[in-house]
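Please read the structure below before turning to the comments.
The values are calculated or read from the model by the stated rules, or taken from the named source; none is laboratory data. The shown structure was predicted, so the numbers you read here are calculated from the model rather than taken from an experiment. Cβ: placed from backbone, ideal geometry, glycine included. Neighbour counts: every protein chain shown. Heads up: the accessible areas ignore ligands, DNA and RNA and are worked out on the full protein's heavy atoms, side chains in. Shrake-Rupley method; radii C 1.70, N 1.55, O 1.52, S 1.80 Å.
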Amino acid sequence: MTATEPAPISTVPSGTAPSDWVRRWSHLVPAHGRVLDLACGQGRHMQWFAALGHPVVGIDRSASAIASAAQHGRGVLADIENGPWPLYLENGQIETFAAVVVTNYLWRALFERIRDSLECGGVLIYETFASGQETVGRPSRAEFLLQPGELLRAFGDLRVVAFEDGFVDAPARFVQRIVAVKPTPGANRSSKPTRYPLR
């Protein structure tokens, strides 16, 4: 990585307001379910979900970011790209959550870990930069930009509730975003399908 290229974690400063995408789909997270904010930065989404009554955990490799984020829940200082996954239970099982939130961050090697971190019925809310972003700003390197339909391919085994891949103004950016639910075993045999309200 060069000095002119942004760091992959907390790639672009996003202010303190939660993402519109995260806000739009927060209602799908089970009441009081634990939420994991991956590459949480200063903790804007931790703050959002804590205010909704969710216990929250945030991971970031920046000590200053975690110091800020930890006021909203449990902050975990870890370099998840170069070190071991930090969230395991005492029995050696990976911690699971009612929701995993990822914004403005892409490290493809973690896709499987993200999926494994969802409880059955848990919700993935993911939004980050996509191909085309290099024409309007940073990040501009291909390894930080999703290819068309990439999130659908990566999480196609989940129940996809919403997916968008396009251009957004104010600020101008190319984004790809998905909301998907980890299926509960046997749910397809139910006579009443689960309803996912589209707000």
Review point. Does the range 72-92 include one or more residues that are in contact with a helix residue (DSSP H, G or I) (Cβ under 7 Å, 6 or more places away or on another chain), under 21 Å from Arg34 (Cα atoms) and open to solvent by 70 Å² or more (accessible area, probe 1.4 Å)?
Key: yes
Practice item. Given the conditions (1) open to solvent by 20 Å² or more (accessible area, probe 1.4 Å); (2) touching a Lys or Arg at 6+ places or on another chain (Cβ under 7 Å), report the number of the one that Phe155 does not fulfil. Key: (1)
Check your understanding: What do you reckon, is Pro139 assigned to a loop (DSSP other than H, G, I, E, B), at pLDDT below 95 and surrounded by 15 or more Cβ atoms within 10 Å (Cβ to Cβ)?
Key -> yes
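Being of a type in the set (A, V, I, L, M) and more than 24 Å from Pro183 (Cβ to Cβ) is true for just one of Val35, Val102, Val76, Val57. Which residue is that?
On the way: Val35 fails: more than 24 Å from Pro183 (Cβ to Cβ); Val102 fails: more than 24 Å from Pro183 (Cβ to Cβ); Val57 fails: more than 24 Å from Pro183 (Cβ to Cβ).
None of the other options fit; the residue is Val76.
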Point to revise | Qualifying strands (runs of 3 or more DSSP E) (wholly inside the range 39-126; at least 1 residues being out of contact with any Cys (no Cβ under 7 Å at 6 or more places or on another chain) and within 29 Å of Gly149 (Cα to Cα)) | key: 56-60, 97-103
Review point. Name the pairs whose Cβ atoms lie under 6 Å apart, with the first residue in the range 21-50 and on the phi > 0 side of the Ramachandran plot, the second open to solvent by less than 40 Å² (accessible area, probe 1.4 Å) and in a helix (DSSP H, G or I), and 6 or more positions between them or separate chains?
Key: Gly41/Ala65; Gly43/Ser68; Gly43/Ala69
